[in-house]
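The values are calculated or read from the model by the stated rules, or taken from the named source; none is laboratory data. The shown structure was predicted, so the numbers you read here are calculated from the model rather than taken from an experiment. Cβ atoms come from the backbone with ideal geometry, glycine included; neighbour counts cover every protein chain shown. For accessibility, only protein heavy atoms count, side chains too; no ligands or nucleic acids. Shrake-Rupley method; radii C 1.70, N 1.55, O 1.52, S 1.80 Å.
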Amino acid sequence: MIEIVIKEYLDGHLSVPSFLERPKKPPEQYVIFEKTSSSKSNYLPAATFAFQSYAPSMYEAAVLNEELKEVIESMIELDEISKIKLNSDYNFTDTETKEYRYQAVFDINHY
């Protein structure tokens, strides 16, 4: 399952913890990611993932987002990954909870 591959890679390379869902007591800085869609072409799977970087300030969220993008792009070294493309990234501050976050969306082809 590609989510497990990504989670294990993030846990080994990112300076903050990563989660597939929001923890009950989140740490000060962390990343949550989810698969937003998937497809298949010539029997090869692909998926789009949204990665949200949370931090106590807008600046720290932006810095964490940059670190995250570098780590995600370095996943190309894994045998399970055949292509990684940054679709977009942007300020995604939660206006309801007032939590600072950035979101990076990646298209990932995998085996």
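Where in the chain lies the longest segment free of GluC sites (Glu not before Pro) that are both loop residues by DSSP (not H, G, I, E, B) and have at most 12 other Cβ atoms within 10 Å?
Numbers: sites that count: Glu21, Glu28, Glu96.
Looking at the chain, 29-95 is the longest stretch - no exposed GluC sites (Glu not before Pro) with at most 12 other Cβ atoms within 10 Å.
Can you run phi through the Karplus equation (6.51, -1.76, 1.60; θ = phi - 60°) for segment 64-80 and list ³J(HN,Hα) in whole Hz, with x for Gly and Pro?
Result, rounded to whole Hz: 4, 4, 5, 4, 4, 4, 5, 5, 4, 5, 6, 5, 4, 5, 6, 5, 6.
Which one, [x] 2, 12, 24, 26, 18, 10, 5, 2, 0; [y] 2, 14, 20, 20, 17, 11, 6, 4, 3, 2, 1, 0; [z] 2, 10, 16, 15, 7, 4, 4, 4, 6, 7, 8, 8, 6, 3, 1, 0, gives P(r) over Cα pairs in 5 Å bins from 0, in percent as derived from the coordinates shown?
Step by step, P(r) over Cα pairs in 5 Å bins from 0, in percent for this structure corresponds to label [x].
How many nm separate the modelled label positions at Asn42 and Glu67, each set 7 Å beyond the Cα in the direction of the Cβ?
With each label point 7 Å from Cα toward Cβ, the separation is 3.8 nm.
In whole percent, and with a 1.4 Å probe on the protein chains, what portion of the accessible area of the chain is carbon and sulfur?
Numbers: 3260 of 6550 Å².
About 50 percent, which is the carbon plus sulfur part of the accessible surface.
Using a probe radius of 1.4 Å on heavy atoms only, what accessible surface per residue do you get for the chain? Whole Å² is fine.
Values: 6550 Å² over 111 residues.
Solvent-accessible surface per residue comes out at 59 Å².
What is the angle, in °, between the Cα long axis of helix 2-13 and the longest principal axis of the Cα atoms in the chain? Nearest 10 is fine, range 0 to 90.
Roughly 50 degrees, rounded to the nearest 10.
Can you pull out the chymotrypsin sites (Phe, Trp or Tyr not before Pro) in segment 1-105 that DSSP calls coil and that have at most 13 other Cβ atoms within 10 Å?
Numbers: sites: Tyr9, Phe19, Tyr30, Phe33, Tyr43, Phe49, Phe51, Tyr54, Tyr59, Tyr90, Phe92, Tyr100, Tyr102; in loops: Tyr43, Phe92.
Here the sparse-neighbourhood loop sites are Tyr43.
Test of understanding: extend the Cα→C-beta vector of Met1 to 7 Å, then name every residue of segment 19-62 with backbone N under 15 Å from that spot.
19-22, 33-36
Note the direction-averaged projected area, equal to a quarter of the hull surface, for the Cα convex hull of segment 1-42, in nm². Kindly include the intermediate steps, with their values, before the conclusion.
Details: hull surface 15.4 nm².
The orientation-averaged projected area of the Cα hull of segment 1-42 comes to 3.9 nm².
Semi-axes of the equivalent ellipsoid for segment 47-111, please: Cα gyration tensor eigenvalues, times 5, square-rooted, ordered largest first, whole Å. Working shown, then result.
Details: eigenvalues 126, 27, 12 Å².
Semi-axes, largest first: 25, 12, 8 Å.
Using the Karplus curve 6.51 cos²θ - 1.76 cosθ + 1.60 with θ = phi - 60°, work out ³J(HN,Hα) for each residue of segment 37-48 in order, rounded to whole Hz, and write x for Gly and Pro.
6, 8, 7, 9, 9, 6, 6, 9, x, 9, 8, 10
Indicate, rounded to the nearest 5 percent, the antiparallel portion of the DSSP beta bridges found entirely in the chain.
Numbers: 31 of 33 bridges.
Of those bridges, close to 95 percent are antiparallel.
Taking Lys85 as the anchor, which lysines have their alpha carbon closer than 21 Å to its alpha carbon, excluding any fewer than eight residues away along the same chain?
Lys7, Lys35, Lys40, Lys69
Could you work out the relative contact order of segment 1-72, using alpha carbon pairs under 8 angstrom and six or more residues apart, expressed as a whole percent? Don't jump to the answer; show the numbers that get you there.
On the way: 89 pairs, mean separation 17.5, N = 72.
Relative contact order comes out at 24 percent.
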